[in-house]
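Engineer: Dropping the structure in here first, questions after.
The values are calculated or read from the model by the stated rules, or taken from the named source; none is laboratory data. Treat the numbers as computed from the prediction; the structure is a model and nothing was measured. Cβ sites come from the backbone with ideal geometry, for glycine too, and all protein chains shown count toward neighbours.
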């Protein structure tokens, strides 16, 4: 593969020559160590990644399981602890609505008046019939 | 015949695994010396450089051996770079801790090993002297470069990777690779003009 699209400058060519020469001069002990490392890597590749990946994924799987357990626990506990609070909050909000809604109060007042008038009429009629 | 068919499939898979193992062996053999020199330039320590290359080889083989071979080189150098960065961080922390210790012995690991120093090939004495001077100067200049510039220069010049591969290996854009490489060449040229006319 060509390392450069543009032609190398003399400086780059010289630098590459020196670097390649330094690679050629790597001592025998280092070469031996690198060879051993390569053989170990090939053995690891031949053994396959299954066991290695399964061990790697274990912490992640454990974390997901723990998160699910916590979520399920909280979900089951939620209704008992939350309902009374919600009821109290809801009634307080309805009271606030009634007090704040002037038009609503007028309507209720009108209805109550007619009811009270009707109730008074009925009471008078009953009294006359009894008397 | 299911048994024969099964046997054929096994043979094919075995042959495929063997050819992949051969390809991986060839690839690792082709990059190991250059990778060692790149790690050595970054870490300035032979044993650490060997450890970094060994870890990168193992991780590539374990995790990416099944990838297409043309992806191996950028992946390998990406892994190596991560390993080098981890070692540099650990060394920084260790240096801070050691700096606080009241008594510190001499570090025997820094003493050169005469066997390790022995070159594997022997050019002529004049050429050898020239190369020694040029190598020493280049090594010093490379070590003085910022890490990203050093990485871009070595991956492109020594490993012969193109801009796209270098960008994958460095985890940056191709534009960043060009910038790092250009600045590295400028800085090296300013320092090494006497050796590399």
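Engineer: Modelled with pLDDT of 85 or more, within 7 Å of chain B (Cβ to nearest Cβ), closer than 30 Å to residue B:136 by Cβ and part of a loop (DSSP other than H, G, I, E, B), is that true of residue A:26?
Structural biologist: Considered against the rule, which asks whether it is modelled with pLDDT of 85 or more, within 7 Å of chain B (Cβ to nearest Cβ), closer than 30 Å to residue B:136 by Cβ and part of a loop (DSSP other than H, G, I, E, B), residue A:26 comes out as yes.
Engineer: Take residue B:50 and tell me if it is under 17 Å from the mean Cα position of the chain (by Cα), more than 14 Å from residue B:87 (Cα to Cα) and within 9 Å of another protein chain (Cβ to nearest Cβ).
Structural biologist: For residue B:50, the condition - under 17 Å from the mean Cα position of the chain (by Cα), more than 14 Å from residue B:87 (Cα to Cα) and within 9 Å of another protein chain (Cβ to nearest Cβ) - is not met.
Engineer: Output yes when any residue across the stretch B:40-47 is more than 11 Å from the chain's Cα centre (by Cα) and either crowded, with 22+ Cβ neighbours inside 10 Å or more than 14 Å from residue A:34 (Cβ to Cβ) (or both), and no when none is.
Structural biologist: yes
Engineer: Restricting to the stretch B:121-135, what's the tally of residues that are loosely packed, with under 13 Cβ neighbours inside 10 Å and either touching a helix residue (DSSP H, G or I) at 6+ places or on another chain (Cβ under 6 Å) or modelled with pLDDT of 65 or more (or both)?
Structural biologist: 6
Engineer: Residues of the stretch B:165-197 being closer than 24 Å to residue B:30 by Cα and either at pLDDT 95 or above or buried (at least 16 other Cβ atoms within 10 Å of the Cβ) (or both), which ones?
Structural biologist: Hits for the stretch B:165-197 are B:165, B:166, B:167, B:168, B:169, B:170, B:177, B:181.
Engineer: Can you tell me which residues in the stretch B:53-69 are at the interface with chain A (Cβ under 7 Å from one of its Cβ atoms) and not in a helix (DSSP H, G or I)?
Structural biologist: B:65
Engineer: Next question. Would you point out which residue out of B:83, B:94 is farther than 23 Å from residue B:37 by Cβ and either modelled with pLDDT of 70 or more or facing another protein chain (nearest Cβ under 10 Å) (or both)?
Structural biologist: When all the criteria are applied, what remains is B:94.
Engineer: Among the residues of the stretch B:147-164, how many are away from chain A (no Cβ under 11 Å) and buried (at least 18 other Cβ atoms within 10 Å of the Cβ)?
Structural biologist: 5
Engineer: Also: Would you mind telling me which numbered condition in (1) more than 8 Å from chain B (Cβ to nearest Cβ); (2) more than 32 Å from the chain's Cα centre (by Cα); (3) surrounded by 10 or more Cβ atoms within 10 Å (Cβ to Cβ); (4) modelled with pLDDT under 70 residue A:4 fails?
Structural biologist: That leaves (1) as the condition not met.
Engineer: When residue B:68 is evaluated against the numbered criteria (1) surrounded by 10 or more Cβ atoms within 10 Å (Cβ to Cβ); (2) more than 14 Å from the chain's Cα centre (by Cα); (3) at pLDDT 90 or above, which criterion, by number, is the only one it fails?
Structural biologist: Result: residue B:68 fails condition (1) only.
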